[in-house]
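Presented below is the structure to which this report refers.
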Amino acid sequence: MISIQGKGVSTGVALGPLYFYQRAKSTIRRYEVEDTDAEWTRFKAAQEKAIEQLGELAEKARAEAGDEAALLFETHQMMAEDMEYEEAIQTAIQETKLNAEAAVTDTAAQFAEMFAAMEDAYFQARAADVKDVSGRIISALTGVVQGGIDSPVPVILAADDLAPSETVQLDKSKILGFITEGGSGSSHTAILARTMGIPAIIGVGNQLKPEYEGREVIIDGSTGSVVIEADADTKAHLLKKMEEQKKTREMLEKLKGQPNETLDGQSIRVYCNIGSPDDVAAVLGNDAGGVGLFRSEFLYLNCDDYPTEDYQFEAYKKALSDMGGKEVVIRTLDIGADKQIGYFNMPKEENPALGNRALRICLNRPEIFHTQLRALYRASAFGKLGIMFPMVTSVWEVKEAKKMCERVREELTREGIPFSDDVEIGIMIETPAAVLMSDRLAKEVDFFSCGTNDLTQYTLACDRQNADLGRFYNPHHPAVLRALKMVCDNAHKNGVWVGICGELGADLSLTETFLSIGIDELSVSPRSVLPLRQKIRETNVSLVKEKLLSDLLSDENTI
């Protein structure tokens, strides 16, 4: 038996084979081949496999988001079997005796450079396409699986950490739990695990050895324990815990249909955070009142080029339609910092967390923002939509964003395209500047949603992605809680409602505090809805409010 200790960031017990995430190699080996015919046969087999994968992705995209979404993958299919592209690779293999991987790499660079040099914007965009297609063929040649998992059964997935673009492509049906070497409680791996309702453990360092792959592992997301080939007693103990958690979950199921109301009659809305229209099923299955955060950037992360208006429209429409009239708050594009997208061609920044990100990108590149806003307003005809702008620091930013919304509404009206007149506009409160300006900002919007992950990071000057900072990154810090109270007070004075969509919303040790300071909505992972409802229904705010607020404002507060 091998025991490893990490930090649990998503509760639950899971058992299955250990599997290391397969990441494409950044460098391709170059060598001379003797049998060029055999090498050409290798290429053709990889090409055929890539075309087959692209066909499957096209069908999946068509089912989920319509013909426009499928078109991208069908275009990639045609590019993969383009005659000139194929002939260039054949020449490199048979005349210069290059191995297939190097031949594809060189041809991709050649064609990408050719497309990029063209004056037509459409053909310039094909440079990224040929790179993506070639990367898929190289993955087939090297045995690396697109999506990182090649297993016939679900696995406990191990990795150093996963980038947002990698989490998007994972086959979720194959994952029982996560283990990562690094990461933090607010990393995208942790957030994904909580959304999926599966256990996750971070910070195990270099304790996982390659030779452990395929062995049976049990992880406990509440304690951070990883046990490989557990002895009989340990396995029995953890399996019993798994069964107890299942019974607790069954008990919580009885809370479905019950109001989120305290013992003394105070109500609060409980919504969910999602990253895809596919997550709506989990939202409804856990009886949430709506979606408080739809992370629209995952649509961009899942594409090889800027997603079209129709592609986005279909995704937003599906989420709104499937929610059946329940509110869906969609955050506009929030990339930058730890969420980088290659085709945006963003310059390298020394401190990207403080750089060109989120709303700043949208205001600096209005053509991208315009496309998204058109898709959002078109989708608003199919449900109850809220639009939320991230990373706000000033009133002028909000006014600029609202002007763009107005221009889009005027365009759609002229074009005769229907949209709702009842779209709420809100902003994320995730910077100290937004907190301090919340009295002024409240006059410009319908709601605030507090992103406590970034609010903690910026308030405490503490990198949320740096696992080494440990106890210094403390979301319970009184400065963070006081900031939330200030936001609530300023919002309510101006008739604006306040939500929390950061991970702190699901922290049951703070539910009483949130109720006491007047938070109107908590948006959490789907699995957190019913435990949060239970906590709310067990709370008597009138008995705890005075003491909690006194402690919060006290100079001696050491929460």
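Since every read-out is calculated from the coordinates, none of them should be taken as a lab result. Everything numeric in this text was worked out from a predicted model, so none of it was measured. FYI the Cβ positions are ideal-geometry reconstructions off the backbone, even for glycines, and counts take in every protein chain you see.
Have a look at the DSSP beta bridges in the chain and tell me what percent are antiparallel, nearest 5.
Values: 19 of 58 bridges.
Among the beta bridges of the chain, antiparallel pairing accounts for roughly 35 percent.
Kirkwood Rh, Cα Rg: Rg to Rh for the chain?
So for the chain, dividing Rg by the Kirkwood Rh gives 0.99.
Please list, or write none, the aspartates and glutamates whose alpha carbon is within less than 15 Å of the alpha carbon of LYS254, excluding same-chain residues fewer than 8 places away.
Hits, sequence-local ones excluded: ASP287, GLU538.
If contacts are Cα pairs under 8 angstrom and at least 6 residues apart, what is the relative contact order of the range 258-553 in percent?
21
Could you put VAL217, VAL227 in order, starting from the residue whose Cβ has the fewest other Cβ atoms within 10 Å?
VAL227, VAL217
Please compute the modelled spin-label separation between ARG440 and MET404, points set 7 Å along Cα→Cβ, answer in nm with one decimal.
Placing both labels 7 Å beyond Cα along the Cβ direction yields 2.1 nm.
Starting from the amide H of SER151, placed 1.01 Å from N in the peptide plane, find each other amide H under 5 Å away whose residue is 5 or more places distant or on another chain.
Amide H neighbours of SER151: none.
Starting from the Cα-Cα distance between ARG29 and ASP160, subtract it from 0.36 nm times their residue separation and give me the gain in nm to one decimal.
That pair, ARG29 and ASP160, stretches by 44.8 nm at full extension.
Which residues' amide hydrogens lie under 5 Å from the amide hydrogen of THR308, considering only partners 5 or more residues apart or on another chain, with H built in the peptide plane?
So THR308 has HN proximity to no qualifying residue.
Quick one: 3J(HN,Hα) in Hz for the range 177-183, Karplus 6.51/-1.76/1.60 with θ = phi - 60°, rounded, Gly and Pro as x.
So the J values, rounded to whole Hz, are x, 10, 9, 10, 5, x, x.
Go through the range 98-105 residue by residue and turn each phi into a ³J(HN,Hα) via Karplus (6.51, -1.76, 1.60, θ = phi - 60°); whole Hz please, and just put x for glycine and proline.
Couplings: 6, 5, 4, 4, 5, 5, 5, 4 Hz.
Tell me, ASP279, ASP160, ASP231 in order of fewest to most beta-carbon neighbours within 10 Å?
ASP231, ASP160, ASP279
Working out 0.36 nm times the residue gap between LYS241 and GLU59, then minus their Cα-Cα distance, what length gain in nm do you get to one decimal?
That works out to 61.5 nm of additional length.
Divide the volume of the convex hull of the Cα atoms of the range 210-331 by its number of residues and quote the answer in cubic angstrom per residue.
On the way: hull volume 21.2 nm³, N = 122.
Per residue, the Cα convex hull of the range 210-331 comes to 173 Å³.
What pairs from LYS326/LYS443; LYS318/LYS403; LYS60/LYS318 go past 19 Å between their alpha carbons?
Checking Cα-Cα distances, LYS326/LYS443; LYS318/LYS403 exceed 19 Å.
For GLU119 and ALA433, what is the calculated FRET efficiency with R₀ set at 45 Å and r taken between the beta-carbons, to the nearest 0.05?
Details: r = 42 Å, r/R0 = 0.94.
It comes to 0.60.
TYR343 to LYS172: extension gain in nm, 0.36 nm per residue of separation minus the Cα-Cα distance?
Working it through step by step, the gained length comes to 59.1 nm.
Under a plain spin-label model, where a point goes 7 Å from the Cα along Cα-to-Cβ, how far apart in nm are THR91 and ILE417?
4.3
Quick one: 3J(HN,Hα) in Hz for the range 249-264, Karplus 6.51/-1.76/1.60 with θ = phi - 60°, rounded, Gly and Pro as x.
4, 5, 5, 5, 4, 5, 7, 4, x, 8, x, 8, 10, 6, 4, 9
From a point 7 Å beyond the Cα of ASP489 in the direction of its Cβ, which residues of the range 409-442 have a backbone N at a distance under 11 Å?
No residue passes the distance filter.
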